[in-house]
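Here is the structure we will look at, set down as structure tokens.
The values are calculated or read from the model by the stated rules, or taken from the named source; none is laboratory data. Since this is a predicted model, take the numbers as computed values, not measurements. Note that we place each Cβ from the backbone using ideal geometry, even for glycine, and neighbour counts take in every protein chain shown. The protein model used for the area step is the full one, side chains on, heavy atoms only, and it has no ligands, DNA or RNA in it. Shrake-Rupley method; radii C 1.70, N 1.55, O 1.52, S 1.80 Å.
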Amino acid sequence: MLKSFFQGAAIFAAPFFVTGVCAQTFPSKPLRMLIGFPAGSSSDVVGRIVAQKLGDGLAQNVVFENRPGAGANIAAEAVAKSPADGYTLLYANTGIAVAHSAYAKLGYDVLRDLTPVGMAAAGPHMLIVNPALPVKSVKDLIALAKARPREMNVASSGAGNSDHFAYELFRSMTGAEMTHIAYKGGGQATVDLISGQMAAYFSGMAQALPHVRAGRVRALAVTGSKRSDIAPQLPTMIEAGVPGYEHLLWNAVLVPAATPKDAIARLDSELSKVVAAPDLRERFAAIGVEPAQKNAAQMAAYLKSEIDKYSKIVRAIGLKID
């Protein structure tokens, strides 16, 4: 009878033992991290660093995969519909909060189908213009755009992306009308700004800084509420004459909503270590961004607040993307 008791106990305990082993061994194979932007974009540059360091901490390779298009929603939908096992990650930015209300049709719901692992970086956009444009300040740009409504082109890395929304917010607050041209990524947008086909671009800092330093573009302001430590000489949009303007480009890691909690906890823990690493701040500073740490729970609350904020602005300016 005693033998039967122990056999029964072993059978009862088996599922818990297996669960414990699974929790300890995740991840047991390489992971994939999808991003909805092409190589060379601001989020791509930062995301590759995060993926590499996250892989080091997990002792597994994190394959970084570019899936650009549809305002980064192709990648987001692909992850939302992937197996919820913790092995497929999404590297997203502010645009995913904007897309929730800005797109007429989406094949996923960020609040229902995805869940955050944590934030990795945050920082302002940089308003840059072609150096041949006769403007030296944000006020000059506003005046020129009002004098020549919709004659000048403003670039973005894609309709509904964070840089597009930076312009839409600027337009709604200043009345400066330019013609929006959506690219499939920030790299070509920057090239065409330098060539003179575009007049202005609310670029990511990482992408803009090398060209600003080389004199290929002119920087007018940053879009945060405080000056950037990376380019402290540049005024904020508020200081430059647009009261109340603030728009941040944040980067975060998300997974399918039904991903096991132990896998999310492991990813959250390792991402927090990545973001807190002293050498990361130096690497990020060199390309124009700053680490920003929010754990899974904090990022979930922040994402909801960002969606609420941008939904109100999308309705106010009548933005709708097919």
Requested in this report: Only residues that are of a type outside the set (Lys, Arg), in a helix (DSSP H, G or I) and touching a Gly at 6+ places or on another chain (Cβ under 7 Å): list them for segment 142-162, please.
Outcome: Ser162
Report summary line: Per the filter on segment 208-235, residues in a loop (DSSP other than H, G, I, E, B) and either modelled with pLDDT of 95 or more or more than 15 Å from Gly123 (Cβ to Cβ) (or both) are Ala214, Gly215, Arg216, Val217, Thr223, Gln233, Leu234, Pro235
Query raised in the report: Looking at Gly204, Gly224, Gly215, which is the one that is at positive phi and open to solvent by less than 60 Å² (accessible area, probe 1.4 Å)?
Result: Gly215
Requested in this report: Tally the residues that are closer than 22 Å to Gly244 by Cα, in contact (Cβ under 8 Å) with a residue 24 or more places away in the chain and either open to solvent by less than 60 Å² (accessible area, probe 1.4 Å) or among the aromatic types (Phe, Trp, Tyr) (or both), restricting the search to segment 290-314.
Outcome: 8
Requested in this report: With respect to Ile307, determine if the residue is in contact with a Phe, Trp or Tyr (Cβ under 6 Å, 6 or more places away or on another chain) and not charged (D, E, K, R).
Outcome: no
Query raised in the report: Quick one: would you say Ala258 is surrounded by 18 or more Cβ atoms within 10 Å (Cβ to Cβ), among the hydrophobic types (A, V, I, L, M, F, W, C) and closer than 25 Å to Ala72 by Cα?
Result: no
Query raised in the report: With respect to Leu169, is the statement that it is outside any strand (DSSP E or B) and touching a residue at least 24 places away in the same chain (Cβ under 8 Å) true?
Result: yes
Requested in this report: Name the single residue, out of those in segment 34-53 being surrounded by fewer than 23 Cβ atoms within 10 Å (Cβ to Cβ) and in contact (Cβ under 8 Å) with a residue 60 or more places away in the chain, that is nearest to the chain's Cα centre (by Cα).
Outcome: Val45
Requested in this report: Would you please name the residue that is nearest to Leu271 (Cα to Cα), looking only at residues in segment 37-68 that are in contact with a Gly (Cβ under 7 Å, 6 or more places away or on another chain) and assigned to a loop (DSSP other than H, G, I, E, B)?
Outcome: Asn61
